[in-house]
Amino acid sequence: MCKKRPFARGGFSIIEAAMATAILGIGITALISAVGASTSANGRANELTSGVFLAQQVREWTVRLPFSDPDESPTAPVGPEQTSPQEFVDDLDDLMDVTFCPPRDGAGRPITEMPDWSQVVKMTWRDPDSLATPVGAGASDVIYVEVSVLRAGRCVHTTGWFAARRPTE
């Protein structure tokens with residue numbers, strides 16, 4: 001006597017196919033979301049890198065400038081001379097409370113390829129014996145230079161450093 005085999009299934013049921021499609025859809029949605037978040041993070045990182053670069057350009061520029069105006073007497077007023085700092089800078093205090101848009105490179109030349117970027121430079125003179133203590137403009141041989149880099153009016157990066165009169169000045 002021959003035994004009959006039960007009817008063998010040959011494929012997926014509609015429920016199994018629906019479940020596989022749902023799982024695949026959830027996976028693809030998660031992947032698209034991750035790619036979007038990664039692209040956004042990459043854009044912010046690129047913007048921050050540009051901001052740090054532009055702040056470093058001001059730092060490089062300030063290192064090369066004399067502390068005080070080489071053409072003026074020690075009693076000359078602090079800050080930019082009669083000319084615009086957008087056109088002429090010959091000493092460190094010429095950068096006091098200046099905004100450059102487009103930003104400047106390490107030699108003070110405009111970077112015209114970055115028209116929506118700007119560098120805002122603020123300076124405060126500090127007591128050499130207590131660097132946290134501000135003093136009047138020009139009343140010290142130490143300046144705290146703060147640079148904020150903006151893109152389309154939004155602050156991307158802010159940094160600062162101390163600049164001191166060199167003994168040979």
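The values are calculated or read from the model by the stated rules, or taken from the named source; none is laboratory data. It should be emphasised that the depicted structure is a prediction, and the values quoted were computed from it without experimental measurement. Glycine also receives a Cβ, built like all others from the backbone with ideal geometry; neighbour counts cover every protein chain displayed.
Filtering region 15-54 to residues that are of a type in the set (S, T, N, Q) and farther than 30 Å from R104 by Cβ leaves T21, T29, S33, S38, T39. Looking at region 90-139 only, could you name the residues that are in contact with a strand residue (DSSP E or B) (Cβ under 8 Å, 6 or more places away or on another chain) and of a type in the set (D, E, K, R)? Selection gives D93, D97, R104, D116, K122, R126, D127. Taking each residue of region 31-60 that is over 28 Å from D93 (Cα atoms) and looking for partners that are surrounded by 10 or more Cβ atoms within 10 Å (Cβ to Cβ) and of a type outside the set (F, W, Y) with beta-carbon atoms closer than 7 Å, six or more apart or interchain, yields E47/R151; E47/V156. For region 124-169, residues that are part of a loop (DSSP other than H, G, I, E, B), under 28 Å from the mean Cα position of the chain (by Cα) and of a type in the set (G, A, S) total 3.
Remark: S84 falls outside the filter, which requires a residue to be at pLDDT below 90, in a helix (DSSP H, G or I) and of a type in the set (S, T, Y). Of all residues in region 135-149, those being closer than 12 Å to F162 by Cα and not hydroxyl-bearing (S, T, Y) number 6. Given the structure, is A139 touching a helix residue (DSSP H, G or I) at 6+ places or on another chain (Cβ under 9 Å), among the small types (G, A, S), surrounded by fewer than 17 Cβ atoms within 10 Å (Cβ to Cβ) and under 23 Å from P70 (Cβ atoms)? No; evaluated as a whole, the condition is false for this residue.
Of all residues in region 101-123, those satisfying the criterion of being polar (S, T, N, Q) and assigned to a strand (DSSP E or B) are S118, Q119.
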